[in-house]
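Report on one structure; see the data block that follows.
The values are calculated or read from the model by the stated rules, or taken from the named source; none is laboratory data. This structure is a prediction, so every number in the text was calculated from the model and none was measured. Reconstructed Cβ throughout: ideal geometry from the backbone, glycine too, with neighbour counts over all protein chains shown. Heavy atoms of the whole protein, side chains included, go into the accessibility calculation; ligands, DNA and RNA do not. Shrake-Rupley method; radii C 1.70, N 1.55, O 1.52, S 1.80 Å.
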Amino acid sequence: MRSDEALADPTQTPAWQRLAALAAAPGKTIRELLDADPDRVRSLTHSGARVHLDLSRQRITDEVLRTLLQLADEREVAARRDDMFTGVHINVTEDRAVLHTALRRPADAPLVVDGDDVTSEVHDVLSRMAHFAESVRGGAWRGATGERITSIVNIGIGGSDLGPAMAHVALEAFSDRSIAFHFVSNVDPTDLTEALRACKPAETLFIVASKTFTTLETMTNAHAARRWLVEALGETAVERHFVAVSTNAEKVAEFGIDTENMFGFWDWVGGRYSMDSSIGLSTMIAVGADGFRQLLDGFHAMDEHFATAAAEENLPLLMGLVAVWNRTFLGIQTTAVLPYSQYLARFPAYLQQLTMESNGKCVRLDGAPVDYETGAIFWGEPGTNGQHSFYQLLHQGTSTVASDIIVVARSENPLTDQQDMLVANALAQAAVLSRGRTAEEVAADGTPAWLVPHKVMPGNRPVSLLTVERLDPFTLGALVALYEHSVFVQGVIWGIGSFDQWGVELGKKVAMGILHTLQDGTSPAFDAATDASIGLYRRMR
Ligand code: G6Q
């Protein structure tokens with residue numbers, strides 16, 4: 001358990017107070033910091049697990065960085081990290097261990113938690129997944145009428161959807177192209193209906209992915225999919241066309257899925273930290289068991305880096321500390337994730353859940369309300385597309401937005417010089433956002449005086465530049481783990497619980513209450529606004 005001292009108010013630590021003073025004092029701009037120190041880029045660029053992180057375009061001085069590292073010491077980040085890695089119940093409000101790092105441990109690295117060797121349990125499931133995935137890929141697993149599987153439909157939502165859906169796009173270059181993958185999450189009937197338009201029942205395999213196997217959206221879609229299949233192929237076809245990923249064997253059996261075809265995981269895997277558990281079954285079918293192992297190796301390499309690299313060059317620690325600096329001390333509310341890779345199109349959406357569901361909290365672990373800013377809003381789109389829409393606000397808007405620009409050096413699809421164009425745009429944006437463009441520079445282009453103010457870019461927008469050589473399963477795993485651990489560091493500094501999601505739970509509960517009222521025809525008795533909206537919906541539906 002955490003010591004009382006670490007639970008205490010972080011604002012009372014000497015480092016926090018020093019950082020508040022540093023943030024309030026007039027500081028140098030990013031341009032001034034870059035121009036004053038020829039060594040800045042070298043000293044603020046670090047590498048681990050094949051990811052390169054350049055923090056030179058952040059608003060940090062040597063003193064800020066030193067004090068942030070001191071804050072990490074005072075908040076005992078290293079001890080908390082070790083607690084997480086060894087299975088201490090750091091998810092305090094649900095009394096659970098937080099062990100997603102165990103999902104990617106090598107088979108020969110046992111880890112005993114609460115009396116069980118979790119590594120061997122993880123590898124048992126991985127072997128069963130591998131056998132299943134390879135039999136689908138190789139055609140040994142067939143549908144009820146003997147057809148090969150050509151469509152996989154993953155039915156899940158939130159943590160049981162966003163990771164697999166993101167990985168599907170990210171790793172398309174490494175995927176089996178003879179199988180089409182669909183991800184159905186929304187309870188809006190359109191989602192399933194449109195996905196099934198492209199599928200033939202005899203060739204379709206459904207993966208029902210739900211930790212609890214009780215989530216309204218997922219179970220509703222799973223039952224609708226079951227009806228679609230049974231109408232075409234009969235009741236006996238279900239066992240060849242449905243498999244489950246869940247921790248709830250009883251509910252899986254109740255649904256009619258043979259528990260032989262259920263791939264389990266554990267309550268110590270949070271939904272948003274589960275893409276590397278059996279929730280990643282669709283990913284394994286796409287990239288094969290070897291590809292999935294590489295993904296896990298990338299995750300594990302970043303775990304090892306986080307656990308062992310010196311604080312001054314520890315990527316997740318530095319990234320987490322800079323996130324705290326930007327959010328809490330500089331008051332920057334949002335972070336734009338801007339991957340210059342079409343394969344990372346779903347990465348911002350994935351990170352939105354990882355970061356905002358984890359650190360969108362206003363109460364500390366000791367139950368006291370926070371009186372400082374916590375989790376930033378994350379959002380984004382791939383470059384260069386975003387440049388032609390919302391970047392205008394990033395450059396000249398009245399809000400300062402921090403950006404994570406992600407560059408992939410080598411394209412899997414080289415077409416003439418398009419990759420150079422893509423990277424040139426990424427680097428141009430990093431430069432302009434951070435350095436800006438002064439009135440003198442604009443005037444020097446021959447711009448008439450009246451137009452100059454319109455073309456000035458204030459700059460001083462913080463940018464982290466992340467570079468990987470290729471986007472392959474290994475680097476995808478490393479990138480995700482980098483963000484996972486950065487989120488963890490932020491949570492420890494803020495003293496909040498990053499691993500529960502009571503806001504999400506309440507949403508599920510309230511919706512069920514309203515649904516009952518909508519369906520049983522009784523008069524609503526919620527609040528005036530909800531009751532009026534229910535009335536309007538009833539008149540219009
Ligand atoms: C993730 C959240 C949430 C969850 C979904 C799906 O951390 O808890 O997004 O993953 O609500 O839950 P099930 O997997 O239980 O269906």
Does Gly446 satisfy the criteria of being open to solvent by less than 40 Å² (accessible area, probe 1.4 Å), at pLDDT 95 or above and small (Gly, Ala, Ser)? no
Within the range 256-271, track down each residue that is open to solvent by 10 Å² or more (accessible area, probe 1.4 Å) and in contact (Cβ under 8 Å) with a residue 40 or more places away in the chain. Asn261, Gly264, Phe265, Trp266, Asp267, Trp268, Gly270, Gly271
Ile179 versus (1) surrounded by 16 or more Cβ atoms within 10 Å (Cβ to Cβ); (2) at pLDDT below 95: which is the lone unmet condition? (2)
Residue match in the range 461-477 (condition: within 16 Å of the ligand (Cβ to nearest atom), within 27 Å of Glu172 (Cβ to Cβ) and crowded, with 18+ Cβ neighbours inside 10 Å): no
Scanning for something in contact (Cβ under 8 Å) with a residue 12 or more places away in the chain, under 21 Å from Gly477 (Cβ atoms) and not in a loop (DSSP other than H, G, I, E, B), does the range 58-80 turn up at least one residue? no
Against the condition near the ligand (Cβ under 10 Å from one of its atoms), in contact (Cβ under 8 Å) with a residue 60 or more places away in the chain and either touching a His at 6+ places or on another chain (Cβ under 9 Å) or open to solvent by 20 Å² or more (accessible area, probe 1.4 Å) (or both), how does Ser282 come out, does it pass? no
Helices (runs of 4 or more DSSP H) enclosed by the range 138-234 - at least 2 residues per element that are within 16 Å of the ligand (Cβ to nearest atom) and of a type outside the set (D, E, K, R): 162-170, 216-233
Checked Pro110, Pro106 against criteria (assigned to a loop (DSSP other than H, G, I, E, B) and either in contact (Cβ under 8 Å) with a residue 60 or more places away in the chain or crowded, with 20+ Cβ neighbours inside 10 Å (or both)); the one match is Pro106
Given (1) open to solvent by 10 Å² or more (accessible area, probe 1.4 Å); (2) within 29 Å of Ala426 (Cα to Cα); (3) assigned to a loop (DSSP other than H, G, I, E, B), where does Met275 come up short, assuming only one miss? (1)
Could you tell me how many of the residues in the range 285-304 are open to solvent by 10 Å² or more (accessible area, probe 1.4 Å) and among the β-branched types (Val, Ile, Thr)? 1
